[in-house]
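> Here you go, one structure.
The values are calculated or read from the model by the stated rules, or taken from the named source; none is laboratory data. Everything numeric here is computed off the predicted structure, so don't read it as measured data. A quick note on method: Cβ atoms are made from the backbone with ideal geometry, for glycine too, and the neighbour counts reach across all protein chains shown.
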Amino acid sequence: MHRSLPAVAAMFSLAAQAQTPAISDADLAIAAQIRDRALDGTSAWDTVASLTSEVGPRFAGSPGDRAAVAWAVDKLKQLGFQNVRTQDVTVPQWVRGTLEVAITAPYPQPLTAVSLGGSIGTAQGAIAAEVVQVADIEALRARPRSEVEGRIVYIARRTARARDGGEYKAAASGRTQGASAAAKLGARAIVIRSIGTSSERFGHTGTVKYVADVPRIPAVALANPDADLLERQLALGRPTTLEIRSTARDLPPMRSANVIGELPGSGAPDEIVLLGAHLDSWDLGPGALDDAAGVAIVTEAVRLIREMQIKPRRTLRVVLFADEEFVQSGANAYAGQPVAEIERHVVAMEADLGAGPVWRFDHRVAEEALPGMGAFMRVLEPLGIRRGSSTADGGTDIAPLRRLGVPVISFQHDASRYFDYHHTANDTLDKVDREALDQTVAAYASTAFLAANAGGDFGRLPPTPAPAPANPAVPVAPR
Ligand SMILES: [Zn+2]
């Protein structure tokens, strides 16, 4: 029943020849079977449960990171993947240590806060200074030096709830670039309102990117209710001071690995459809949504196809990337393979926006491949997914491949609740909804199959330059 091979006649029908990727009716029927099987229930949730309970937090360079690599190798083998292997990756190592933040005037109170990833600590024991509030990163850059020098900058930018998560990207520039922008004006530290939508009392971490040749200053994020409290005291119009103590610091780089497994193609095994997710998480919690869910979605998508004894024409390759959260060492190592290897990648997709459900189908493919992309909707529409744009960036881990010309397919997961938990201690298994996760697997699995069997391909994208690397690793040999 599930063994039906792509109907060659349909694949080369006149209609199909007119456009690529060319998807046959026979393959659409198989993709619909894959989709419906996933909707009947998958084992994706069990994979999230396994990674979060047997490994837990797995920040790059930590013991949890090494445990996660071992877990992934075992899991992929257990799930029937072939060619399971690791690609060595050198990752920086940062530890947050301890953090204390308190308002010391006008009304002293302790605040709930977290260090931003990569932040330096407070070397002299503590930094105490008056606070200057700015609305956002642009407002900070517009301030005269005299209003910032010697002070602690506070960025008040809120993250609005949004289904497409677009608000996060807009707000996150304050987190990534705020420290160096403030330090350029002589600030001693930076404090931001957490980039997140939760009103609970925990901070959302995330990377700070220090610019070369600008002094590094400590960077922390306040829990949203604590940001409210600080703002209320500032609104009284009296000098408001903060004290920050942090033992965050860099340690020598460590070894980690990308973990790779495949379902080899039956007709064109040298051509690769890549499904990626990141294996690492932040140190604060088990990263159930970010990105154990993604790991589960891409592994389950391929496992399901194999279990149904469907043999896709191209190779389905799952890559579980190291160190997405901090400096993307895994993605850069993967894209750093020889050009001939990169050119084997026909299309790439990545799951890194929580546990679903998926509501929009985006992509970035060559112009000549655009007309063929509509065929995917015949399988996706019944899942409640609508067509998006062809301007997708694909996601953090496959972006380096896209910049090298590899086309990308990108599913928008419903991110309305995602940023309540993102990069916090509260990103735990109970936040993962089984039904939403299965719908997401249905979308990835059916699409991956169609991409693997499509006649023609997705073309190549014009290469684009990579951004400058953030926080260049401490030049010490990895351990
Ligand atoms: Zn992530």
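> I'd like to check something: does the range 313-323 contain any residue that is more than 12 Å from the ligand (Cβ to nearest atom) and more than 24 Å from residue 447 (Cβ to Cβ)?
Checked the range 313-323: at least one residue is more than 12 Å from the ligand (Cβ to nearest atom) and more than 24 Å from residue 447 (Cβ to Cβ).
> Next up: Considering each residue of the range 92-110, count those that are touching a strand residue (DSSP E or B) at 6+ places or on another chain (Cβ under 9 Å) and within 18 Å of residue 227 (Cβ to Cβ), and give that number. Walk me through how you get there before you give the answer.
Our first condition is that a residue be touching a strand residue (DSSP E or B) at 6+ places or on another chain (Cβ under 9 Å); within the range 92-110, this holds for 92-106, 108-110.
Checking which are within 18 Å of residue 227 (Cβ to Cβ) leaves us with 99-106, 108-110.
Result for the range 92-110: 11.
> Could you please find all residues in the range 337-354 being hydrophobic (A, V, I, L, M, F, W, C), more than 15 Å from the ligand (Cβ to nearest atom) and part of a strand (DSSP E or B)?
The initial filter retains those residues of the range 337-354 that are hydrophobic (A, V, I, L, M, F, W, C), namely 339-340, 342, 346-349, 351, 353.
So of that shortlist, the ones also more than 15 Å from the ligand (Cβ to nearest atom) come out as 339-340, 342, 346-348.
Passing the criteria: 346, 347, 348.
> Checking residue 467 against (1) more than 13 Å from residue 355 (Cβ to Cβ); (2) in contact (Cβ under 8 Å) with a residue 12 or more places away in the chain, which single condition isn't satisfied?
(2)
> Also: Would you mind finding the one in 419, 376 that is under 26 Å from residue 159 (Cα atoms) and surrounded by 22 or more Cβ atoms within 10 Å (Cβ to Cβ)? Outline the logic, then answer.
Details: 376 fails: under 26 Å from residue 159 (Cα atoms).
Just one listed residue meets the conditions, 419.
> Given the criterion more than 30 Å from residue 174 (Cα to Cα) and either more than 16 Å from the ligand (Cβ to nearest atom) or in a strand (DSSP E or B) (or both), identify the matching residue among 261, 237. Show your work before the answer.
Working: 237 fails: more than 30 Å from residue 174 (Cα to Cα).
On inspection, the qualifying residue turns out to be 261.
For every residue, the table says whether it meets (1) surrounded by fewer than 19 Cβ atoms within 10 Å (Cβ to Cβ); (2) within 16 Å of the ligand (Cβ to nearest atom); (3) among the hydrophobic types (A, V, I, L, M, F, W, C); (4) in a loop (DSSP other than H, G, I, E, B).
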site	(1), (2), (3), (4)
396	yes, yes, no, yes
400	no, yes, no, no
424	no, yes, no, yes
430	yes, no, no, no
445	no, no, yes, no
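> Could you check, for the range 274-291, whether at least one of its residues is hydrophobic (A, V, I, L, M, F, W, C), within 19 Å of residue 110 (Cβ to Cβ) and surrounded by 16 or more Cβ atoms within 10 Å (Cβ to Cβ)?
Yes, the range 274-291 has at least one match.
> Looking at (1) touching a Pro at 6+ places or on another chain (Cβ under 7 Å); (2) modelled with pLDDT under 95; (3) crowded, with 22+ Cβ neighbours inside 10 Å, which is the one condition that is false for residue 199?
(3)
> Going by what's in this entry, would residue 302 be described as buried (at least 24 other Cβ atoms within 10 Å of the Cβ) and within 16 Å of the ligand (Cβ to nearest atom)?
Working: buried (at least 24 other Cβ atoms within 10 Å of the Cβ): yes; within 16 Å of the ligand (Cβ to nearest atom): no.
Considered against the rule, which asks whether it is buried (at least 24 other Cβ atoms within 10 Å of the Cβ) and within 16 Å of the ligand (Cβ to nearest atom), residue 302 comes out as no.
> Is one or more of the residues making up the range 383-391 part of a helix (DSSP H, G or I) and either closer than 30 Å to residue 91 by Cα or more than 16 Å from the ligand (Cβ to nearest atom) (or both)?
The initial filter retains those residues of the range 383-391 that are part of a helix (DSSP H, G or I), namely 383.
Narrowing further to those that are either closer than 30 Å to residue 91 by Cα or more than 16 Å from the ligand (Cβ to nearest atom) (or both): 383.
The answer is yes; a qualifying residue exists.
> Collect the residues in the range 29-43 that are surrounded by fewer than 19 Cβ atoms within 10 Å (Cβ to Cβ), part of a helix (DSSP H, G or I) and more than 25 Å from the chain's Cα centre (by Cα), keeping them in residue-number order. If you could, list the steps in order and put the result at the bottom.
Quick first cut of the range 29-43, residues surrounded by fewer than 19 Cβ atoms within 10 Å (Cβ to Cβ) only: 29, 32-33, 36, 39-41, 43.
Remaining after also requiring part of a helix (DSSP H, G or I): 29, 32-33, 36, 39.
If the condition is that a residue be surrounded by fewer than 19 Cβ atoms within 10 Å (Cβ to Cβ), part of a helix (DSSP H, G or I) and more than 25 Å from the chain's Cα centre (by Cα), then 29, 32, 33, 36 are the ones that fit.
> Would you point out the residue of the range 237-273, among those that are among the hydroxyl-bearing types (Ser, Thr, Tyr) and buried (at least 22 other Cβ atoms within 10 Å of the Cβ), that is farthest from residue 457 (Cα to Cα)?
Just the residues of the range 237-273 that are among the hydroxyl-bearing types (Ser, Thr, Tyr), to begin with: 240-241, 246-247, 256, 266.
Right, trim to buried (at least 22 other Cβ atoms within 10 Å of the Cβ) and you get 240, 246, 256.
Working: 240: 60, 246: 52, 256: 33 Å.
The extreme case among them is 240.
> Residue 169 is checked against (1) part of a helix (DSSP H, G or I); (2) touching a residue at least 24 places away in the same chain (Cβ under 8 Å); (3) basic (Lys, Arg) and fails just one. What number does that condition carry?
(2)
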